[in-house]
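To keep things clear, I will list the structure first and then write my remarks on it.
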Amino acid sequence: MAVSTTLSGAKLDTLLLNSSSLSRSSSSNSTHLSVFGKNRKNFIHRGVIRCNGSNSASSDVIVKNDGDSSNAITLSALEQLKTSAADRYTKERSSIIVIGLSVHTAPVEMREKLAIPEAEWPRAIAELCSLNHIEEAAVLSTCNRMEIYVVALSQHRGVKEVTEWMSKTSSVPVSELCEHQFLLYNKDATQHLFEVSAGLDSLVLGEGQILAQVKQVVKVGQGVNGFGRNISGLFKHAITVGKRVRTETNIAAGAVSVSSAAVELAFMKLPEASHHNARMLVIGAGKMGKLVIKHLVAKGCTKMVVVNRTEERVSAIREELKDVEIIYKPLSEMLTCAGEADVIFTSTASENPLFLKDHVRDLPPASPDVGGCRFFIDISVPRNVGSCVSDLESTKVYNVDDLKEVVAANKEDRLRKAMEAHSIIAEESKQFEAWRDSLETVPTIKKLRAYAERIRAAELDKCLGKMGDDLSKKTRRAVDDLSRGIVNKLLHGPMQHLRCDGSDSRTLSETLENMHALNRMFSLETEIFVLEQKIRAKVEQNQKDI
């Protein structure tokens, strides 16, 4: 399998700090990275990547500003490459890594500190990609998980940088994060996202809400610098997997979303005789609140009070559910409404608790029909109901972590469907890895075209020089078109044998063999080319951030 060059062990700190001087140059001065020396064959000499050539001139890899030679920057970061690991830097390819916390690994108190609102995802991606060893990034933050997906030049350094960033943005110490976070690399990371999208990693097996959230990651990431080809391709493939699993296994049948699980939990806790007359209050009329209302209606509830900041959304829900009595109340009347309710569902985006012990202690008791106990079902992250409320004897508080009790229902059938889903995921994971492998031919295609273009341009200049200066523009254009046509026709065959969508393993294997053959025949040195591209990308990213 062909693999790209990475700078996995080199620290880019010096490079990126020094690159700030480039930003002070005129914007018209293009920055380029070049490797000098003939017959460039990598070897490490005294800790510096050099190019073995007959020319005795310096062969160091440097970043050079065309407009100001004084701003040439020796890539001192590369000097830290260890001789014993030299081969590794030209053989490894960037890694896909997922670093995260979920309902399975961390309590809600931890997850709510790390939660990133959807509006902040682009900013988070930009900050992550400004880290030295991170090329691409995406954020998947829901009530049950906060996961960061990155393409990293180095596994070790990438994980370290992202973990430190998570600690800095959440004020949670790194040591505490490490106790709860999980790390997955490459194929394992791919499989994990596919399982997440398929609903196999959810509290409620097969729930459909997570697929919509994965779709939202792609929607928000479109056009965001840093949501690159690998990460974008991964999430788009995950959407395909999620759809296929639900269609072929029908795993969503009988499964419930977080909102549905909240309603089921409430009815499990209520005395059966009170199911039709318990007083219901829903606080928040967003997506989650609307789903709670719909599931309550499905359970036979015909009357409820909805508290929301504005009446517009409540009116829309009321219009949709015309046979149900939905009473709107503003947030200012929330406590009064809570005192008149037996079951209270909270699903707002408030960053501060709406209910604390002092608020709830003085509320009138719940209806005798429900045993005089008031139930708070809090499906918000951060939580809307403070944990201290559960200290009150007449109150029961449940949050998203408590929904595990609902998941136990119909477990055997869901597990059977999950086994079918895992077979689909294994198949799709192979297809995605094949697609990633097929991307390895891109540097060869670019280098081969550039190689042919250099020869064409040089030979064209020779030809035109011999033909004299009195040639008409028409004749010059005809000769130029002729040379381009010959090159394009000669390249057509090799290019066709370098293109592969990764869907056929046999074709992919042949394509990679063809790539290796062309690299050898034309000394294309795509490994150095990829190294240059990666360093240039980090320099340019650093310039934008200054």
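Could you compute how much accessible surface ARG449 exposes when probed at 1.4 Å, giving the result in Å² to the nearest 10?
Around 110 Å² of this residue is reachable by solvent.
Can you list residues whose amide H is under 5 Å from PHE227's amide H, if they're 5+ apart or on another chain and H is modeled 1.01 Å from N?
Residues meeting the criterion, in which the H sits 1.01 Å from N, are ALA137.
Could you compute how much accessible surface ARG123 exposes when probed at 1.4 Å, giving the result in Å² to the nearest 10?
In the full protein context, ARG123 sits at about 100 Å².
Past 32 Å, Cα to Cα, is the threshold; run LYS290/LYS404; LYS219/LYS357; LYS219/LYS417 against it and keep the listed order.
Among LYS290/LYS404; LYS219/LYS357; LYS219/LYS417, the Cα-Cα distance tops 32 Å for LYS219/LYS357.
Beta carbons within 10 angstrom, averaged per residue: use that to sort the peptides 372-378, 263-269, highest first.
Final packing ranking: 372-378, 263-269.
Normalised by the number of residues in the stretch 356-495, what is the relative contact order in percent for Cα pairs under 8 Å and 6+ residues apart?
It comes to 15 percent, rounded to a whole number.
Could you derive backbone 3J(HN,Hα) for the stretch 153-160 from the dihedral phi with the Karplus parameters 6.51, -1.76 and 1.60 (θ = phi - 60°), listing whole Hz in sequence and x where the residue is Gly or Pro?
5, 9, 4, 5, 5, x, 4, 4
Grab the Cα-Cα distance for SER390 and ARG454, subtract it from 0.36 nm times how many residues apart they are, and report the gain in nm with one decimal.
That works out to 15.6 nm of additional length.
In whole Hz, what ³J(HN,Hα) sequence does the stretch 326-334 give by Karplus (6.51, -1.76, 1.60; θ = phi - 60°), x for Gly and Pro?
Whole-Hz 3J(HN,Hα) from phi for the stretch 326-334: 10, 9, 8, 9, x, 4, 4, 9, 4.
How much accessible area does VAL217 have with a 1.4 Å probe, in Å² rounded to the nearest 10?
Estimated to the nearest 10 Å², VAL217 gives 10 Å².
What is the Cα centroid distance between the stretch 197-262 and the stretch 312-373, reported in whole angstrom?
Computed from Cα coordinates, the inter-centre distance equals 31 Å.
Which ³J(HN,Hα) values in Hz, rounded to whole numbers, follow from the phi angles of the stretch 129-145 under the Karplus curve 6.51 cos²θ - 1.76 cosθ + 1.60, where θ = phi - 60° and Gly and Pro get x?
6, 7, 5, 4, 10, 10, 9, 9, 7, 8, 10, 10, 10, 10, 5, 9, 7
For a quick protection proxy, order the peptides 244-251, 423-430, 151-158 by their average other-Cβ count within 10 Å, most packed first.
Highest mean packing first, the order is 151-158, 244-251, 423-430.
Amide H to amide H under 5 Å from ASN399: which residues, 5+ apart in sequence or cross-chain, H placed 1.01 Å off N in plane?
ASP378
Let me check against my output: what whole-number percent is the relative contact order of the stretch 108-225, with C-alpha pairs under 8 Å and at least 6 apart?
This gives 25 percent for the stretch 108-225.
Of the cross-linked pairs LYS447/LYS489; LYS446/LYS489; LYS187/LYS287, which ones have a Cα-Cα span greater than 22 Å in the structure shown?
Listed pairs above 22 Å: LYS187/LYS287.
Treating only the Cβ atoms of Lys and Arg (+1) and Asp and Glu (-1) as charged, compute the dipole magnitude of the stretch 342-474 about its Cα centre; round to the nearest 20 debye.
1100 debye
Gain in length, MET495 to LYS466, computed as 0.36 nm per residue apart minus the alpha-carbon separation, to one decimal in nm?
My answer for the length gained is 7.2 nm.
The values are calculated or read from the model by the stated rules, or taken from the named source; none is laboratory data. Keep in mind that this is a model prediction, so the values were computed, not measured. Counting neighbours? That spans all protein chains shown, and the Cβs are built from the backbone with ideal geometry, glycine included. Areas reflect the complete protein model, heavy atoms only, side chains present, ligands, DNA and RNA absent. Shrake-Rupley method; radii C 1.70, N 1.55, O 1.52, S 1.80 Å.
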